[in-house]
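Down below is the structure, laid out as structure tokens.
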Amino acid sequence: MAGLTTVRLETDGPVALLTLARPAKLNAMSRRMVAELTSVLEGLAADARVRCVVLAGEGRMFSAGADLDEFRDDFGAGGADPAATEREARDGARLAAALESPDIVTIAAVHGAAIGGAAAVVAACGLRLFADDARLLAPELAMGLPLAWGGVERLVRDLGPAVTRDLLLTGRPLTAEEAVARGFAMERVAPGDLLDRARRIAALCATRPRLGTSIVLGRIRAVADRSRADGVDDDAASLAAAARDPEALAAARAYLKSLGPAS
């Protein structure tokens, strides 16, 4: 697919490898990356030749989450724009919905870390493989913000409310070992074997009839989603409310200050 600048797409028959490709920025999820990911995924879901997508990150980690340069613009000294924040939340929710499409199997191949919005992206994937060094973190509350993009609902769905409260309130990491033990990740593998293993699983999934796979994925999603019908709207409204809250804004600015000047 021409014109991509933040992600890379490779296809091998019915299997696609979609790579977050901003390694110098730790694959930070800029607005452009969110848009490119969504466009590619929606296109692949509509392509009858593609059955499965492996989502991976280039470089040191899967993704560091939000692009801090954009975050500084959104929550810097000039104040936040609630309307823009709400719009970006809906864009992220659309990306997560594309990852959950019943028309394609998505496999997250996670190494290093998946932080914040990247954690929500991983949670939206149908299957998840963790490298031994992988960890998932959601530090948004340290910035005065709720985890968005349907991340809370999906973590509750797949980890349960108690573990989700623990992860979101303390900001501690979910390690690869714990992710497998709790059923969030299907396997943990050596970092050097991660992509090969993900491709093998994708190739197996791609042998299943497309219609039957779509029906099964749709039914699983319908059952799992009964408790979160309003989650996307709640996410967008919650982020907009946080963008208006003085305490949340102060927390966001303090967090940014602790990181030092922009690179």
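Can you give me the distance in nm between label points at Glu187 and Ala46, each placed 7 Å from the Cα along the Cα-to-Cβ direction?
3.4 nm
For Thr11 paired with Ile220, estimate the spin-label separation in nm (one decimal), with each label point 7 Å from Cα along the Cα-to-Cβ line.
Result: 2.4 nm between the two label points.
What's the center-to-center distance, using Cα atoms, between the stretch 147-200 and the stretch 6-35 in Å?
So the separation of the two Cα centres works out to 20 Å.
Antiparallel DSSP bridges in the stretch 1-141: what percent, to the nearest 5?
25 percent
What is the diffusion coefficient of the stretch 66-153 in µm²/s, taking the Kirkwood radius over Cα pairs and the Stokes-Einstein relation at 25 °C with a viscosity of 0.890 mPa s?
Rounded to a whole number, D works out at 175 µm²/s.
The numbers here are math on the coordinates, done by the rules we state, and not lab data. What you see is a predicted model, and the numbers here were worked out from it, not measured in a lab. Backbone-built Cβ (ideal geometry, glycine too); neighbour counts: all protein chains shown.
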